[in-house]
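Trainee: This is the structure I want to talk about, given as structure tokens.
The values are calculated or read from the model by the stated rules, or taken from the named source; none is laboratory data. In this text, all values refer to a predicted model and were calculated from it rather than measured experimentally. Note that we place each Cβ from the backbone using ideal geometry, even for glycine, and neighbour counts take in every protein chain shown. The area values use the complete protein model at the heavy-atom level, side chains included, leaving out ligands, DNA and RNA. Shrake-Rupley method; radii C 1.70, N 1.55, O 1.52, S 1.80 Å.
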Amino acid sequence: QVQLVESGGGLVQAGGSLRLSCAASGLRISDGIMGWYRQAPENQRDLVALATRGGTLRYGDSVKGRFTISRDNALNTVYLQMNNVKPEDTDYYYCRWFAGASEYWGKGTLVTVSS
């Protein structure tokens, strides 16, 4: 059974930092692309960051220079380091693994940034 479990969300003040983790089981993250997405209720799910198998990193425009995605294949975990957070970063954050026609999502973790 495949599971992606996010953790590390919570309340943080604007300008602060937070690190999200996504631990995978039932698959190897090295076999696919890992991504972080965020979504507020009734909004679409937007890309935050992607890490491909080849090491290419891609970021949404609103987080470039502030957030960093990394993956630890040995621990089967992907991280999102969030620095200099802003109130508009408040959202549910989800991790996603995909390869070809297969994809899996975690259940999300809530990040709240206070001003």
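Trainee: Which residue out of 45, 96 is under 15 Å from the mean Cα position of the chain (by Cα) and open to solvent by 60 Å² or more (accessible area, probe 1.4 Å)? Walk me through it before giving the result.
Mentor: Numbers: 96 fails: open to solvent by 60 Å² or more (accessible area, probe 1.4 Å).
Exactly one of 45, 96 is under 15 Å from the mean Cα position of the chain (by Cα) and open to solvent by 60 Å² or more (accessible area, probe 1.4 Å), namely 45.
Trainee: Scan region 48-70 for residues that are on the phi > 0 side of the Ramachandran plot and either among the hydroxyl-bearing types (Ser, Thr, Tyr) or open to solvent by less than 80 Å² (accessible area, probe 1.4 Å) (or both) and report the count.
Mentor: 1
Trainee: Where residues in region 14-45 are part of a strand (DSSP E or B) and charged (D, E, K, R), which of them is nearest to residue 104 (Cα to Cα)? Before you say what the answer is, go through the steps one by one.
Mentor: Residues of region 14-45 part of a strand (DSSP E or B): 18-25, 33-39.
From the residues that got through so far, the ones that are charged (D, E, K, R) too are 19, 38.
Values: 19: 21, 38: 15 Å.
Result: 38.
Trainee: Considering 83, 73, which residue is within 22 Å of residue 14 (Cα to Cα) and open to solvent by 40 Å² or more (accessible area, probe 1.4 Å)? Let's see the steps before the verdict.
Mentor: Details: 73 fails: within 22 Å of residue 14 (Cα to Cα).
Selected residue: 83, the only one of 83, 73 that is within 22 Å of residue 14 (Cα to Cα) and open to solvent by 40 Å² or more (accessible area, probe 1.4 Å).
Trainee: Show the residue pairs meeting these rules: Cβ distance below 6 Å; 6+ apart or different chains; first residue within region 14-38 and within 29 Å of residue 87 (Cα to Cα) and open to solvent by less than 20 Å² (accessible area, probe 1.4 Å); second residue assigned to a strand (DSSP E or B) and among the β-branched types (Val, Ile, Thr).
Mentor: Between residues of region 14-38 that are within 29 Å of residue 87 (Cα to Cα) and open to solvent by less than 20 Å² (accessible area, probe 1.4 Å) and residues that are assigned to a strand (DSSP E or B) and among the β-branched types (Val, Ile, Thr), the close pairs are 22/78; 34/78; 36/48.
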